[in-house]
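These notes are about the structure you will find just below.
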Amino acid sequence: MLTLYCLGNPTLKHKQNRHNAGLLLGDYLVKKLNLNLKKFKNFKLSNTFQIDGTQCQIALSENYMNESGNGVLSLKTTKLSKSDELFVLYDELDLSLGEIKIKYSGGNAGHNGLRSISSKIGDNYWKLRIGVDHPGDKEQVTRHVLGNFKENEKKILNNLFELIYLNLSQIFISRHLSNLGI
């Protein structure tokens, strides 16, 4: 089983924030794949679906970003087996808007959601980094990630999400981005 765990802040107030890029992608995929969600204490979990014969599901975080590890730990201990794989989808300041990168394991680059997850389950999981741009000044980072996407940025993001949807197998099963132009 492969679980796509989507990070963000769960409140309506934060719905369109840059920090919610992971949750926004998760919502997009749930709609495009016509999945249903069941609510648990720390996450919403979709029914299973297949990508090239691999059983998959999508989990949407119900925790604030800084507490993301609680949801991931809860999911791993109640819904996953040891052989199941986790792919965390999240916003990344060090990538341009419209850019994604895949990474396995390693550090959290100052991302509080990843820091929380790693403190609960370690660093050995897949990551889909979704670029949201850096504001240029580290004093502006909090304001930037908690700011809403502008209309022109939403268009770029929706185009990226459609490209991800059309290439689910290449991104999440083969785990490479070559030939996608992103």
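Values quoted throughout were computed directly from the atomic coordinates according to the rules given, and no laboratory measurement underlies them. Computed from a prediction, not measured in an experiment: that's the story for all the values here. All Cβ positions, even for glycine, are placed from backbone atoms using ideal geometry, and neighbour counts span all protein chains on display.
Of note:
- Charging the Cβ of each Asp and Glu at -1 and of each Lys and Arg at +1, and nothing else, the dipole of the chain about its Cα centre rounds to 520 debye.
- Note on the chain: dipole from Cβ charges, positive end direction compared against 140, 49, 77; the farthest Cα belongs to 77.
- Global form of the stretch 135-182, assessed from the alpha-carbon gyration tensor, a/c cut-off 1.5: prolate
- For the stretch 1-68, the gyration tensor built on C-alpha atoms gives a prolate shape. Its axis ratio a/c (a ≥ b ≥ c) is at least 1.5, and a/b is the larger of a/b and b/c.
- Residues whose amide H comes within less than 5 Å of that of residue 62, counting only those at least five positions distant or on another chain, are 43, 44 (H built at 1.01 Å from N in the peptide plane).
- Remark: the Cα gyration tensor places the stretch 90-182 in the oblate category, a/c being 1.5 or greater and a/b not exceeding b/c.
- Cut-off under 5 Å, modelled amide H: who pairs with residue 92 long-range: 130, 131, 132
- Cα-based Rg and Dmax for the chain, where Dmax is the largest Cα-Cα distance (Å): 15.0, 46
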